[in-house]
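In what follows, a structure is listed as structure tokens, so that the remarks can point back to it.
The values are calculated or read from the model by the stated rules, or taken from the named source; none is laboratory data. Just so it is clear, the structure is predicted and the values come from calculations on it, not from any experiment. All Cβ positions, even for glycine, are placed from backbone atoms using ideal geometry, and neighbour counts span all protein chains on display.
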Amino acid sequence: MKQEGLIVAKPKRRRYNSYLGEIGAAPQNLINRDFRAAAPNEKWLTDITEFQIPAGKVYLSPVIDCFDGLVVSWSIGTHPNAHLVNTMLDAAIDAVQGSESRPVIHSDRGAHYRWPGWLSRVHDAKLTRSMSRKGCSPDNAACEGFFGRLKMELFYPNNWQSTTIEQFIEAVDAYIRWYNEKRIKVSLGLLSPVEYRHKLGLAA
């Protein structure tokens, strides 16, 4: 993977919002701002963030494990649509196939998480849905925190003026792989999420 860009770019305060009003009953907020987990695949968080570069807009949709912050799966594209979130969810479900793990998956109240394709996947995989309260981003603060770190470490320090959409997608993908495998965390004893799981004898 290639990371593109030089020079410092001024941060832009943008936050993608997929909320289109109440289009169906929302499940309870089972996470209730408790982002701790005793084991992998107990609690998953998801959301969408937007990047604006000169070449256009790019959207990232990840699934993040509360146990250690591992990005279980992710999808990057140019449209914040059902395909983006469903592709990500399919990959996350594949990651726990063959195990007894049935995570709670927490999101905001965006329309993507109420569409039939999403609901059927969650049901078939026996996951449990959880949603933030309306307009309450702190209810998904751990996912927001990941987006903030990604933007501070990758997006804002670089100038994407001559970067194509494809190159930017590659850069985000490469960052996430580095984040999982190499980026150390104090909370994990100065190990990356993958290193931490290996130390505990857990598959990453």
- Task: Examine the stretch 105-123 for a residue that is closer than 20 Å to Ala203 by Cβ and either of a type outside the set (S, T, N, Q) or buried (at least 22 other Cβ atoms within 10 Å of the Cβ) (or both), and state whether such a residue exists.
- Result: yes
- Query: Applying the selection to the stretch 164-197, what residues are within 20 Å of Pro40 (Cβ to Cβ) and either acidic (Asp, Glu) or in contact with a His (Cβ under 8 Å, 6 or more places away or on another chain) (or both)?
  - Reply: Glu181, Glu195
- Selection from the stretch 42-78 of residues touching a residue at least 60 places away in the same chain (Cβ under 8 Å), among the acidic types (Asp, Glu) and surrounded by fewer than 21 Cβ atoms within 10 Å (Cβ to Cβ) yields Glu42
- Message: Just to check your reading of the model, which residue among Asn29, Asn41 is touching a Pro at 6+ places or on another chain (Cβ under 6 Å), farther than 19 Å from Gly148 by Cα and at pLDDT 95 or above?
- Response: Asn41
- Query: Do you know which of the residues in the stretch 128-157 that are of a type in the set (A, V, I, L, M, F, W, C) and more than 30 Å from Ile184 (Cβ to Cβ) is surrounded by the most Cβ atoms within 10 Å (Cβ to Cβ)?
  - Reply: Met131
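Being among the hydroxyl-bearing types (Ser, Thr, Tyr) and in contact (Cβ under 8 Å) with a residue 12 or more places away in the chain is the filter here; which residues of the stretch 109-144 pass it?
Tyr113, Thr128, Ser130, Ser132, Ser137
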- Message: Please verify whether Asn86 is among the polar types (S, T, N, Q), surrounded by fewer than 20 Cβ atoms within 10 Å (Cβ to Cβ), part of a helix (DSSP H, G or I) and in contact (Cβ under 8 Å) with a residue 24 or more places away in the chain, treating the condition exactly as stated.
- Response: yes
- Task: Determine the pairs where a residue that is under 26 Å from His79 (Cβ atoms) and surrounded by 15 or more Cβ atoms within 10 Å (Cβ to Cβ), located within the stretch 169-194, has a partner that is modelled with pLDDT of 95 or more and among the charged types (D, E, K, R) with Cβ atoms under 6 Å apart, the partner being 6 or more residues away or on another chain.
- Result: none
- Could we say that Leu150 is aliphatic (A, V, I, L, M), within 24 Å of Asp68 (Cα to Cα) and in a helix (DSSP H, G or I) here? yes
